[in-house]
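What follows is a single structure, written as structure tokens, with notes after it.
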Amino acid sequence: MKLRKVTAASATVFALALTATACGSSDSGDSGDGGGKKITVGIKYDQPGIGLKKPDGSFSGFDVDVATYVAKELGYAAKDIEFKETPSADRENALQRGDVDFIAASYSITDERKAKVDFAGPYLLAHQDLLVRADEKGISEGADLNGKKLCSVTGSTSAQNVQKEIAPKAQLQNVSTYSECLDGLASGAVDALTTDDSILAGYAAQDQYKGKFKLAGLKLSNENYGIGVKKGDTAMVDKINKALEKMESDGSWEKAVEANFGPANYKNEPAPKIGEIVK
């Protein structure tokens, strides 16, 4: 009799737990807009013209436009996109941890990175260049960086290219964001900033920097921007590639280029073909 009482009590508790769980699930499904369907996209927060978080909390830039278009093709409205900051040094980890669904953050496709993540694209061909002060006379080619103070961000392929190929004796200073490099360049603490010409053009076009800096105009490397996804997610890669092809064919890609780079007179390359990497 005692055993039957315990069993009955347990059954009662179990039934109550099921009821509570069912009620909780129902409440969750009814909350939020669009049934709670969201997507998290990694972008940069401090790259004008590429990915920028503005004071009002909104986002702008070419990568933002590309990511928004792709997300729409995947079935997500703009209001269902959560943009998450992904610094250069943390992009692979963010994908591996599952912090983001995909990354569009001036993410150059390299063999080293392809060992850790998969890429869709490329969707933009940029080139490594230098940003220097407008009155700079001593830097006209990559080798001139030897002995100069050069700034870039931790994890950037541009910094690695300088150390290995261009100016091994450059005094490289790695910082967390390009904004820190801009401050150093403006104050004279560093002599040049290196990264992709698309990013540098965005900075040079900002109102507070107009007339202060100039692009050196060097094509020190080819940077094929791709959209990073978690390693092994080939289905996502295929879907994003189809979205990128549609963006180019319907004219949206060209409109995004003009809207984000036009004010800086950036001479962009034509839209690259999906899967073709320019070495």
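The values are calculated or read from the model by the stated rules, or taken from the named source; none is laboratory data. Since the model is a prediction, treat every value here as computed from it, not as a measurement. Note: ideal-geometry Cβ built from the backbone for every residue, glycine included; neighbour counts use all protein chains shown. These area figures cover heavy atoms from the full protein model, side chains too; ligands, DNA and RNA do not enter into them. Shrake-Rupley method; radii C 1.70, N 1.55, O 1.52, S 1.80 Å.
A P(r) calculated from all alpha carbon pairs of the range 161-279, with 5 Å bins opening at zero, reads 2, 8, 15, 18, 17, 15, 13, 8, 3, 0 percent. Beyond 20 Å, the tail of the calculated P(r) for the range 111-167 holds 38 percent of the Cα pairs.
Here the range 48-128 has an Rg and Dmax of 12.9, 38 Å, counting Cα atoms alone. Per atom type, the range 95-244 shows carbon and sulfur on 43% of its accessible surface, probed at 1.4 Å.
For the range 38-81, how big is the tail of P(r) above 12 Å, as a whole percent of Cα pairs?
Numbers: 537 of 946 pairs.
Beyond 12 Å sits 57 percent of the P(r) for the range 38-81.
A Förster radius of 25 Å combined with the Cβ-Cβ distance from Glu165 to Ser140 puts the calculated FRET efficiency at roughly 0.90. The convex hull built on the alpha-carbon positions of the chain has an orientation-averaged projected area of 19.6 nm².
Can you tell me which of 137-149, 92-104 comes out highest on packing, and rank the rest after it, using the mean Cβ neighbours within 10 Å?
In descending order of packing, they fall as 92-104, 137-149.
Computed with a 1.4 Å probe over protein heavy atoms only, the accessible surface of the chain comes to 50 Å² per residue. Of the DSSP H helices in the chain, those that are both long (alpha-carbon extent of 20 Å or more along the helix axis) and hydrophobic (Kyte-Doolittle mean at least -1.0) are 2-30, 234-249.
Only Lys, Arg, Asp and Glu carry charge here, each on its Cβ (+1 for the first two, -1 for the last two); on that basis the chain has a dipole of about 940 debye about its Cα centre. Apply the a/c threshold of 1.5 to the C-alpha gyration tensor of the range 205-256 and tell me whether it is rounded, prolate or oblate. Verdict is prolate for the range 205-256.
Which whole-number percent of Cα pairs in the range 108-212 have a distance greater than 15 Å?
Numbers: 3477 of 5460 pairs.
Value for the range 108-212: 64 percent of Cα pairs lie more than 15 Å apart.
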